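Chemist: One structure, pasted below without further comment.
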Amino acid sequence: MAPSTAVPEAGPERRKIETRLTRGDRLYRSLATAAAAVTLALIVLIGVFLLIRAMPALREAGWSFITVKEWRPDGQQPRFGVSAMLFGTFVTALVAMAVTFPVSVATAIFINEYAPRRIKQTLTSLIDLMAAIPSLIFAIWGLFFLIPLLLPIEQWAVDELGGSLPFMRAAAIGASLFNAGLVISLMTIPIATSIIREVLSQTPRHECEGALALGATRWGMIRTVVLPFGRGGIVGGSMLGLGRALGETLAATLILSVTFEIKPRVLENGGITVASAIAVQFKDAQTMGLSALMAAGLALFAVTFVINMLAALVVSRSRSGAGVEA
């Protein structure tokens with residue numbers, strides 16, 4: 001018997017699904033695309049402007065611009081670099097984030113999970129209000145209240161721990177990188193807390209209630225459900241705070257005793273950041289000095305850009321809700 005050659009019947013033709021945008025959808029998409037393009041264009045223009053204005057100083061200093069700590073761009077024999085500025089910027093930012101991260105996460109968890117309902121909205125409004133307070137107010141409060149309050153504690157730390165911990169030694173205290181970082185943390189905590197609290201509040205309540213129903217304690221529920229869900233928001237809020245800490249100007253300018261030196265002893269007076277150096281030196285800078293300040297600004301711009309790109313990569317890989325998906 002010859003094999004069957006019957007052709008199987010063709011199934012129904014697949015229906016093509018089309019998305020039809022309304023006029024409002026098209027308008028919104030156009031506006032969003034235009035806003036994104038304008039933002040990107042502004043970033044590129046700022047970078048190009050800084051690079052063009054910084055080229056004379058970069059040609060004069062060469063690669064030593066990264067390693068030299070002195071700052072004499074307008075002298076007869078110009079010698080200048082950003083190593084001391086970058087060191088001070090990183091130290092103050094690290095001190096600020098060492099305070100900001102735990103305080104922000106703890107505050108956000110308390111408001112969302114522990115605070116009584118009658119005061120939860122008040123605390124949320126206060127945090128949002130603090131995020132809008134000008135940095136000058138925080139800088140003045142830190143300079144005239146916080147730092148004098150901490151001086152006896154810092155003096156005790158220098159006397160008792162300076163012998164065994166070299167970075168705790170100091171000939172004079174008060175106008176130090178550590179204190180500048182503490183004051184900057186006052187400005188970054190409200191911003192980070194506001195973002196982290198908002199993200200953690202989006203945790204699905206049925207999953208929290210399920211964890212509690214299975215016998216988890218409240219902290220166990222927070223640790224296994226809330227924090228994994230909000231991981232991306234925690235990273236994003238912290239990185240936004242870090243971005244502000246890197247570029248903060250007023251606090252560093254008012255508090256630091258300006259010295260273009262690398263100060264590994266963080267409690268000792270003296271230091272400089274990129275932002276405060278630009279603020280202090282801009283008025284008296286001449287032609288080469290202005291170009292050198294633009295080069296310093298370009299260095300800070302590049303550092304901030306790289307950190308934000310890394311933060312975006314981390315957030316994309318640890319997006320909110322990823323830790324609790326089935």
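The values are calculated or read from the model by the stated rules, or taken from the named source; none is laboratory data. Note that the structure is predicted; figures quoted are calculated from it, not measured. In this analysis, Cβ positions are derived from the backbone assuming ideal geometry, glycine residues included, and neighbour counts consider all displayed protein chains. Each accessible area value is taken on the protein alone, full model and side chains, heavy atoms only, with ligands, DNA and RNA left out. Shrake-Rupley method; radii C 1.70, N 1.55, O 1.52, S 1.80 Å.
Chemist: Highest mean first, what order results for 100-106, 63-69 on Cβ atoms within 10 Å?
Modeler: Details: 100-106: 19.0, 63-69: 14.4.
Taking the mean over residues of other Cβ atoms within 10 Å, the ranking is 100-106, 63-69.
Chemist: If we sort 122-130, 236-244 on the protection proxy, mean other Cβ atoms within 10 Å, highest first, what's the order?
Modeler: Working: 122-130: 14.9, 236-244: 21.6.
Top to bottom by mean Cβ count within 10 Å: 236-244, 122-130.
Chemist: Evaluate the relative contact order of the chain (contact order divided by residue number), counting alpha-carbon pairs under 8 angstrom at least 6 apart; express in whole percent.
Modeler: Values: 439 pairs, mean separation 86.7, N = 326.
It rounds to 27 percent for the chain.
Chemist: Under the rule of -39500 (n - 2.57) per DSSP H run of 4 or more residues, summed and divided by the residues of the chain, what mean residue ellipticity at 222 nm is obtained, to the nearest 500 deg cm²/dmol? Mind showing how you got there, number by number?
Modeler: Details: 13 runs with 206 residues, N = 326.
That comes out to -21000 deg cm²/dmol.
Chemist: Continuing with this model, one more query. If I take the Cα coordinates of the chain and project them onto the principal axes, what are the three extents in Å, biggest first?
Modeler: Its Cα atoms span 103, 54, 49 Å along the three principal axes.
Chemist: Could you order the peptides 186-193, 215-222, 78-85, 134-141 from most to least packed, using the average number of other C-beta atoms within 10 Å per residue? Show your work: numbers first, answer last.
Modeler: Working: 186-193: 24.8, 215-222: 14.1, 78-85: 21.4, 134-141: 15.8.
Sorting 186-193, 215-222, 78-85, 134-141 by mean packing, highest first, produces 186-193, 78-85, 134-141, 215-222.
Chemist: Take the stretch 89-176, compute every pairwise Cα distance, and split them into 10 Å bins from 0; I just need the percent in each bin.
Modeler: Pair shares across the bins are 14, 31, 32, 18, 5, 0.
Chemist: Given a Förster distance of 41 angstrom, what is the FRET efficiency for residue 98 paired with residue 51, based on the Cβ-Cβ distance and rounded to 0.05? Present the calculation step by step, with values, prior to reporting the outcome.
Modeler: Numbers: r = 33 Å, r/R0 = 0.80.
Working from the Cβ atoms, E equals 0.80.
Chemist: Mean separation of Cα pairs under 8 Å and 6+ residues apart, divided by the residue count of the stretch 205-321: what relative contact order is that in percent?
Modeler: Details: 93 pairs, mean separation 40.7, N = 117.
Relative contact order comes out at 35 percent.
Chemist: In the stretch 71-323, carbon and sulfur make up what percent of the accessible area (probe 1.4 Å)?
Modeler: Carbon and sulfur together cover 67 percent of it.
Chemist: Taking the simple approach of a point 7 Å from Cα along Cα-to-Cβ for both residue 212 and residue 314, what is their distance in nm?
Modeler: Each label point is offset 7 Å from its Cα along the Cβ direction, giving 3.1 nm.
Chemist: Sticking with this structure for a sec: Between the stretch 227-247 and the stretch 152-189, how far is it from one alpha carbon centroid to the other, in angstrom?
Modeler: After rounding, the separation between the Cα centres reads 25 Å.
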